[in-house]
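First comes the structure, then the notes that go with it.
The values are calculated or read from the model by the stated rules, or taken from the named source; none is laboratory data. Computed from a predicted model, the values in this text were never measured in an experiment. As a convention, Cβ positions derive from the backbone with ideal geometry for all residues, glycine included, and neighbour counts pool all protein chains shown. Each accessible area value is taken on the protein alone, full model and side chains, heavy atoms only, with ligands, DNA and RNA left out. Shrake-Rupley method; radii C 1.70, N 1.55, O 1.52, S 1.80 Å.
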Amino acid sequence: MQFFGHIIDGEEVPSVDGATFEVWNPWTQEVWATAAEGGPEDAALAVASSRRAFDEGPWPRMGRAARAAAIHRLADLMEERADDLATLDTTNMAKPFAQAQHDVARSIWNFRFFADHQRDHCGEVFPMDSGHHSYSEYGPAGVVAAISPWNFPLMMATWKIAPAIAWGNTCIIKPSEDTPASVTLLGRLAIEAGFPPGVLNVLNGHGSPAGSSLTADDRVDRVTFTGSSTTGKTVMASASSHLAPVSLELGGKGANIVFEDADLDNAVHWAVEAIFRNSGQICLAGSRLFVASSVYDEFMDRFVAAAEALTIGDPFDPKTRFSSLASKKHFEKVSSYVDGVGLDGGKILTGGVDDEGRWLIRPTIVTDLPLTASAYCDEIFGPVCVVNRFESEEEVVSLANDTRYGLNAMLFTENLSRAHRVASQLRAGTVWVNCFFIRDLRTPFGGVGDSGVGREGGNFSREFFTEPKAVVMQIQR
Ligand code: TXE
């Protein structure tokens, strides 16, 4: 059985007290590994190591080109081990292997992008009428605590680690207790790439005490978190005790709007991706679908057919497009929402809870739910799409914005003016027009309301992971 330790100060180590936890394969429903269960002492050691690496080590001082080169070396090693990284994510959370390979490629790109972004960046110069000029300098903030979820185990972790270390910080990543494997391998590769000890530490373990010990530690200068809105609030409160800025990427209940003039083939394709990719375990999921009345019947026939055509099965089978949920606990959560649909007056057009004992919810499409039903309002984080029809643009904008979340929205139309008009009216951090899930790493990423605080990506990550400084210089006397 494999073991995933902590990576602290350039070494893979067990917990100080030897505690471990089981790591599950949700497809086979078997324990396939164990991992070190981090406690307060392990967290303190990880923070002390990253603090030393920041205060005394070469990383923040080595210059941008050398740092970029080191990060590209790590990316090269990830490329060499890409299938091993993808295998760990698929084993650990039943993500279809091709999707896990895609996540690894994107994780490598996270490192390459931010390595180059910090190397090539310029500060600003502010000419002043007073005979002075000012310029800005972006220095590293210090020690970053990063806490990541289980739905994109490697990808979400690297989305945090890459900008943090690229900008000269040192970082402790705590992966989800459900998916410690790929991030631990990443930590091993960082050692192999020659990273100075403490630049990238991996602390395995549960949210409490491992994660909470990190966020509460006053030697930590930044906290970046992706997870549930409830835990996000706890993390923010904890970091506020020592005034560490936080970046929170939380849940979502994305609206997906199909107007009557949409290209229906394209809209159906993306509607399926938006709610059934990764078994719906995506904060950006298009879980509330609104379809114009005049095309509703035609769209729904095609949407239901496409959902039923998804090949369900073993995530390592190349034919599989859809597999089980990431854990038993999560399966129970999603099942309870599906079970509640009928009680709330909703109709399940297709899908439902698997009847073969797997931790699987088949691609599920629901109609007729009242707008107050919990399956309509809450983030289910599973393959459950709630559909409503609409009559007018004004009506659908109001429906789409009527949520406590605001991470993303999609709209499908061939009318250019409408696309711009509606995109600007939607209350969301990202709006996709005629597509879904396409990202440019320079753009802001984050949400409003219960979907989070702050933005990351390109210069937005720079703002968060650095301490901008103004230097004012007299040039004329
Ligand atoms: O999330 P948690 P869970 C949503 C989704 C899902 C629900 C619950 O709706 O069903 O959250 O998932 C760490 N201090 N999302 O229970 O608890 C934890 O160990 C510090 C949306 O997995 O938020 C893990 O590493 N850290 C989401 C991470 O927080 C703590 C992705 C997320 O766990 C902690 C995942 C604490 N007190 C779930 N408690 C998205 N936005 O994509 C827990 N953690």
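Over all other residues within a Cβ to Cβ distance under 12 Å of L243, the charged ones net out to -1, with Lys and Arg as +1 and Asp and Glu as -1. The H on the amide N of E467, modeled in the peptide plane, is under 5 Å from the matching H of G139, A141, each at least 5 residues off or on a different chain.
In terms of overall dimensions, the chain has a Cα radius of gyration and Dmax of 23.0, 82 angstrom.
Distance between the pseudo-spin-label points of D354 and D301 (7 Å out from Cα toward the beta carbon): 3.2 nm. Full extension of the chain between H102 and V31 yields a length gain of 23.0 nm, computed as 0.36 nm times the residue separation minus the alpha carbon distance.
Ligands, DNA and RNA left out, the accessible area of the chain computed with a 1.4 Å probe is 53% carbon and sulfur. For S424 and D368, compute 0.36 nm times the residue count separating them, minus their Cα-Cα distance, and round to one decimal in nm. The S424-D368 span can extend by a further 17.3 nm.
Along the Cα-to-Cβ line of A69, 7 Å from the Cα, sits a label point; which residues in region 159-197 have backbone N less than 14 Å from it? Flagged as within label range: 194-195. The charge dipole of region 72-137, taken about its Cα centre with unit charges on the Cβ of Lys, Arg, Asp and Glu (plus for the first two, minus for the last two), comes to roughly 180 debye. Which one of M155, P197, M236 has its Cα pushed farthest toward the positive end of the charge dipole of region 142-273, where Lys and Arg give +1 and Asp and Glu give -1 at the Cβ? Most positive-ward Cα: P197. Listed by chain and number, the aspartates and glutamates placed with their C-alpha closer than 12 angstrom to that of K347 are D339, D368; residues fewer than eight positions away on the same chain are left out. A simple rule links phi to the HN-Hα coupling: the Karplus curve 6.51 cos²θ - 1.76 cosθ + 1.60 with θ = phi - 60°, which for region 350-364 gives 7, x, x, 6, 4, 9, 10, x, 7, 7, 9, 10, 5, x, 10 Hz, with x for Gly and Pro.
The local environment of E11, defined by Cβ-Cβ distances under 13 Å, has a net charge of -3 under the rule Lys, Arg +1 and Asp, Glu -1. Here each label is just a point 7 Å from Cα along the line to Cβ, and for D116 and S208 those points are 4.4 nm apart. Each peptide in 38-48, 75-85, 166-176, 272-282 receives the mean, over its residues, of other Cβ atoms within 10 Å, and ordering these scores from highest gives 166-176, 272-282, 38-48, 75-85.
The listed peptides 256-267, 416-427, ordered by packing as a protection proxy, come out as 256-267, 416-427 (highest mean of other Cβ atoms within 10 Å first).
The C-alpha atoms of the chain define a longest principal axis, and helix 153-166 lies at about 30 degrees to it. Averaged per residue, the chain has 38 square angstrom of accessible surface, using a 1.4 angstrom probe with ligands and nucleic acids left out.
Restriction of the GluC sites (Glu not before Pro) in region 381-418 to DSSP coil positions whose beta-carbon has at most 13 other beta-carbons within 10 angstrom yields E391, E414.
Backbone geometry of region 227-242 corresponds, through the Karplus equation with coefficients 6.51, -1.76 and 1.60 at θ = phi - 60°, to 3J(HN,Hα) couplings of x, 7, 4, 5, 5, x, 5, 5, 5, 5, 4, 5, 5, 5, 5, 10 Hz, x marking Gly and Pro. Once the chain from N434 to W109 is taken as fully extended at 0.36 nm per residue, the excess over their C-alpha distance is 114.6 nm. Of interest is the spacing of the C-alpha centroids, which for region 240-260 and region 121-147 amounts to 27 Å.
Take the convex hull of the alpha carbons in region 101-143; its mean projected area over all directions comes to 4.7 nm². Local charge for K469 was computed over the other residues whose Cβ lies under 15 Å away, with Lys and Arg +1 and Asp and Glu -1, and equals -4. Sorting the segments 299-307, 1-9 by their mean number of nearby beta carbons within 10 angstrom, highest to lowest, gives 1-9, 299-307. Put a plus charge on the Cβ of each Lys and Arg, a minus charge on the Cβ of each Asp and Glu, and nothing anywhere else: the dipole of the chain about its Cα centre is then about 1160 debye.
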